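As structure tokens, the structure follows; a few thoughts come after it.
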Amino acid sequence: MIRIATRGSRQALTQSQFVADRLEATGHRCELVVVDTTGDRTQSANVPLHSIGGQGVFVKEVQQAVLDGRADLAVHSAKDLPTMPTPGLVIGAFTERRSAADALVGRSLVDLPTAATVATGSVRRRAQLGRARPDLEFVELRGNIATRLDKVPDGGSIVMAVAALEVLDLTDRIADVLDPAEFVPAVGQGCVAVECRAGDGRSGDALSVVDHEITRHEVLVERAFLAELGSGCSLPIGAHVDNRRLYTFLANSDTGVTVSDTFELTDGDLDADVETARDVARAALEHVGTLRR
């Protein structure tokens, strides 16, 4: 039996069941172990994500279930997984990525009236949309996906990850898919990461049927960019790899300076591409000023 720790949201359960189904197809029996997380307990539109712990609030308790033996695997949205390794755990698989793009639900970007309200809890999304449309007004958005979809402002929009809507068969709600080359997504967006205990050969071997080589390469490069910045999701940061190109976004909220650029990668040399991502991050930091915390 392989026990899979997961958050209890509909999206998380669907993603975890996908992993379970793939493992069961190769002869493994699986069981989902639902874990309540800090992020899930504070799903309030009035509480910004970065104020309650940032990126790790949706993963720490799920990881702990593996570390203390209640589960063998931990399934996360890769964008929620901090870049600092968790002692005792390794990432055994990155599943094939769905769309990495963001989308507007409500009105499209060009159809939003002057000074329209856009709801999003992401400082990255605010910075990018504000650069494209300085007239927009932003408000916080928290809650599960169903709750967020009920909070589209009158005459405005909310911002959602396309992948989240794909998982739940809700893409009919999309008014506008934002070009990820311009509106650079969060690191790992659209991908699911699966952790197991370090040294657990049985689980590691089982995850080989879930791991997607191309996605692993792309997400590791994106994570190298973020790791070099030494930042979490409280800062406007985006990185996305597609078709051997690295798209990056970095903003200094205090000065308003932003860096958005595109870089060519190799044809499959992970070490070289990771080093490129680190170099790009260091150059971006020099341009916008230090963001290290």
Item to check | Among (1) assigned to a helix (DSSP H, G or I); (2) buried (at least 20 other Cβ atoms within 10 Å of the Cβ); (3) not small (Gly, Ala, Ser), the one test that Arg278 misses | outcome: (2)
Item to check | Filter result (small (Gly, Ala, Ser) and either farther than 12 Å from Val59 by Cα or over 17 Å from the mean Cα position of the chain (by Cα) (or both)) within the range 1-42 | outcome: Ala5, Gly8, Ser9, Ser16, Ala20, Ala25, Gly27
Item to check | Where a residue in the range 208-223 is in contact (Cβ under 8 Å) with a residue 40 or more places away in the chain and over 10 Å from Val241 (Cα atoms) and its partner, wherever it lies, is part of a loop (DSSP other than H, G, I, E, B) and among the hydroxyl-bearing types (Ser, Thr, Tyr), with Cβ under 8 Å and at least six apart | outcome: Val209/Thr26; Val210/Thr95; Asp211/Thr95; His212/Thr95; Arg223/Thr83
Item to check | Residue match in the range 260-279 (condition: closer than 16 Å to Arg124 by Cβ, more than 20 Å from the chain's Cα centre (by Cα) and without any contact (Cβ under 8 Å) to a residue 12 or more places away in the chain) | outcome: no
Checklist entry - When you go through Ala146, Ala127 one by one, which is the residue that is out of contact with any strand residue (DSSP E or B) (no Cβ under 9 Å at 6 or more places or on another chain) and either part of a helix (DSSP H, G or I) or touching a residue at least 60 places away in the same chain (Cβ under 8 Å) (or both)? => result Ala146
Next on the checklist: I need the full set of residues from the range 176-192 which are in contact with a Lys or Arg (Cβ under 9 Å, 6 or more places away or on another chain) and in a strand (DSSP E or B), in order please.
Outcome noted: Asp176, Val192
Next on the checklist: With touching a strand residue (DSSP E or B) at 6+ places or on another chain (Cβ under 8 Å), at pLDDT 95 or above and more than 29 Å from Leu73 (Cβ to Cβ) as the only criterion, which of Thr258, Thr215, Thr248, Thr266 stands out?
Outcome noted: Thr248
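The values are calculated or read from the model by the stated rules, or taken from the named source; none is laboratory data. Since this is a predicted model, take the numbers as computed values, not measurements. As a convention, Cβ positions derive from the backbone with ideal geometry for all residues, glycine included, and neighbour counts pool all protein chains shown.
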